[in-house]
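Notes follow the structure.
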Amino acid sequence: MSPSPAVSRVAREDILARLTAKPVTTRTPFSVRFPSLKPAILFTRRAHTAVKLALDPHLATTKSADPLPYRLYQHQSLLLRKLGASDMRLQHNKIKNLKQSTASITGVVIRPGEVFSLWKLVGEMSRRKGYVDGMLLSRGKIIEGLGGGMCQLANLLHWMFLHGPFEIIERYHHSLDVFPDSGRTVPFGSGATILYNFVDLKAKNTSKDPIQINLWVTEDKLHGELRTTNPDLEGFRIKETDHCFVLWQNQWYRYNRLWRVSRNRNKHLVSELVVTNLAPVLYEIDEEKMKAEGYTMLHL
């Protein structure tokens, strides 16, 4: 993704305000205070969420093997990327997990007013279903776990939803910038993180037409598309502004703002702020090299 060439005054003020804001005091999670109870807490929470997903009548479940006639948007992402010092074996395992999960989702038709839920369609991951251990991120550290690599699917789906007539109902994002860019094709901070089954990705179809999701895995890429029955249904464009790296009190941060661009009834372009990202950087920064590559580097 090409870096943003400039940082606006408004963005600079926003960065400073965020960096100097008093941290919100939160209660330490029960499972952190009492680690031995974590399995029981997760089991209870997941069982409760599974019941809610099963009983929610607004979640899309209808599938069609036949693609709807018109493509609204398509995207693809590389399956194998060099992510720091991560074990490439886990990335190869990720491909197996993605083949299982995409098969559970592809063909789903989201009718007007219906909500897509990733976990409603994928369900519980298990070795019996063909899932294997892959790469997971936990508190900024790489760990190995069953179903690892599913965040790539969530990233692709969220990016597609941003380009279609969807309202994002539930989406969580990574709070840290863990890996340096390597083959990145979408802006920083545009992805989604998931955790079975209570950290979900949900999006509501706000149009008057059905929208179908099709997914497939090739030798080197994960592919996705949105299809519909209306040839005149318009999508959105995503614009990134104020992308920069910020040095504050000997810590590097990464910042940007993402906008959703569409046309109103008068055919005028309208921009809606989707998200503002400011995340600590966990990898080594070579400032001169990054400047030469076109990144904006700020010292505050």
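Remark on residue 166: its backbone amide H falls under 5 Å from those of 206, a criterion applied only to residues 5 or more positions apart or on other chains, H modelled at 1.01 Å from N. Applying the Karplus relation 6.51 cos²θ - 1.76 cosθ + 1.60 with θ = phi - 60° to region 226-238 yields 3J(HN,Hα) values of 9, 10, 8, 9, 10, x, 9, 5, 9, x, 10, 10, 9 Hz, where x marks Gly and Pro. Given their separation in residues at 0.36 nm each and the Cα-Cα distance between them, residue 218 and residue 33 gain 62.2 nm when the chain is fully extended. Computed from phi, the 3J(HN,Hα) profile of region 16-26 under the Karplus parametrisation 6.51, -1.76, 1.60 (θ = phi - 60°) reads 4, 4, 5, 5, 9, 5, 5, x, 6, 7, 10 Hz, with x in place of Gly and Pro.
Note on residue 141: aspartates and glutamates with a C-alpha under 20 Å away, same-chain residues under 8 apart excluded, are 87, 133, 177, 181, 284. Can you list the residues of region 224-255 with backbone N under 13 Å from a point 7 Å past the Cα of residue 263, pointing along Cα to Cβ? 232-237, by backbone N distance to the label point.
Applying Stokes-Einstein at 37 °C and 0.692 mPa s to the Kirkwood radius of region 133-175, computed over alpha-carbon pairs, gives a translational diffusion coefficient of 279 µm² s⁻¹. What you get for the chain, charging only the Cβ of Lys and Arg (+1) and of Asp and Glu (-1), is a dipole of about 700 debye around the Cα centre.
Across region 57-233, the fraction of Cα-Cα pairs farther apart than 22 Å, rounded to a whole number, is 41%. Of interest is the spacing of the C-alpha centroids, which for region 233-300 and region 29-91 amounts to 26 Å.
Between 289, 120, 204, the GNM of the chain built on Cα springs shorter than 10 angstrom shows 289 fluctuating the most. Hey, with R₀ at 30 Å, roughly what FRET efficiency would residue 175 and residue 129 work out to, going by the Cβ-Cβ distance, to 0.05? With R0 = 30 Å, the Cβ-Cβ based efficiency is 0.50. When restricted to Cα atoms, region 212-294 yields an Rg and a Dmax of 18.6, 53 Å, respectively.
Read the figures in this text as sums done on the coordinates, not as results from a lab. Note that the structure is a prediction, hence the values are computed from the model and not measured. Here the Cβ is made from the backbone with ideal geometry for all residues, glycine too, and neighbour counts use every protein chain on show.
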